[in-house]
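Colleague: Pasting in a structure now, in structure tokens, and then I'll have a few things to ask.
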Amino acid sequence: LKDITPEFFSKLTGLPIEMSKKALMRDYSTLFHPLKKTSYLNKVIEEIKSRGLNATTGSGIIYLVTGKHDKGIATKTLIDLLRKMTNFEEVVTIGIGDGHNDLPMLLVTDVSVVLGNNEYLLDKLMKKDKVIHIPYKGPYAWLEGIKKAIKIVFSSTCSIPL
């Protein structure tokens, strides 16, 4: 992680330098960037997993090494808490992601939004009912994804036309 500078991270991800600085502040995971994708990389991932850790890629270029947690566990815990603590009949959840590390979260939300052209995510979510694909990334993709997700949620939960 120390070798990944905000400038290098910005170049890899397209984030502005200030956002890259924030993204590099991590408490529960560490990052690594392989110089090349080779069969050796698979051996490194296997070794990480054999030590009880998890390794996944967020964007295909930077890998996250974590413990036994992932976005799916965190999302499921939050959903369960919301359902237990609210007086609403139903809590409807929306997940938005663009990387492999988002899959566990997208699998547990009611509506899943995939940003960009991540074929891996789209394939894994193919059997799910409410999946929205926005073929590009960035703030406008998020906005379009949220709008479409809200439209789906309201069209299936109430009779008010949108």
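The values are calculated or read from the model by the stated rules, or taken from the named source; none is laboratory data. The model shown is predicted, which means the values in this text are computed figures rather than measured ones. Quick reminder, even Gly has a Cβ in these numbers, built from the backbone with ideal geometry, and neighbours come from all protein chains shown. Ligands, DNA and RNA are stripped out before the accessible areas are found, and what is left, the full protein with its side chains, is counted by its heavy atoms. Shrake-Rupley method; radii C 1.70, N 1.55, O 1.52, S 1.80 Å.
Colleague: Suppose we filter E119, E144, E90 for residues that are without any contact (Cβ under 8 Å) to a residue 12 or more places away in the chain and under 18 Å from S155 (Cβ atoms); which single one remains?
Modeller: The unique qualifying residue is E144.
Colleague: May I pose another question? Can you pull out every residue in the range 88-107 that is closer than 23 Å to K151 by Cα and open to solvent by 50 Å² or more (accessible area, probe 1.4 Å)?
Modeller: The answer is F88, E89, E90, V92, I94, D98, L107.
Colleague: Kindly indicate whether any position in the range 74-84 is free of Cβ contacts under 8 Å to residues at least 60 places away in the same chain and in contact with a Gly (Cβ under 7 Å, 6 or more places away or on another chain).
Modeller: Checking the range 74-84: at least one residue is free of Cβ contacts under 8 Å to residues at least 60 places away in the same chain and in contact with a Gly (Cβ under 7 Å, 6 or more places away or on another chain).
Colleague: Additional query: Considering only the range 1-43, state which residues are at pLDDT 75 or above, surrounded by 15 or more Cβ atoms within 10 Å (Cβ to Cβ) and closer than 26 Å to I73 by Cβ.
Modeller: Passing the criteria: I4, F9, T13, L15, A23, L24.
Colleague: Look through V65, V92 and report the one residue that is at pLDDT 75 or above and of a type in the set (V, I, T).
Modeller: On the way: V65 fails: at pLDDT 75 or above.
Checking each option against the conditions leaves just V92.
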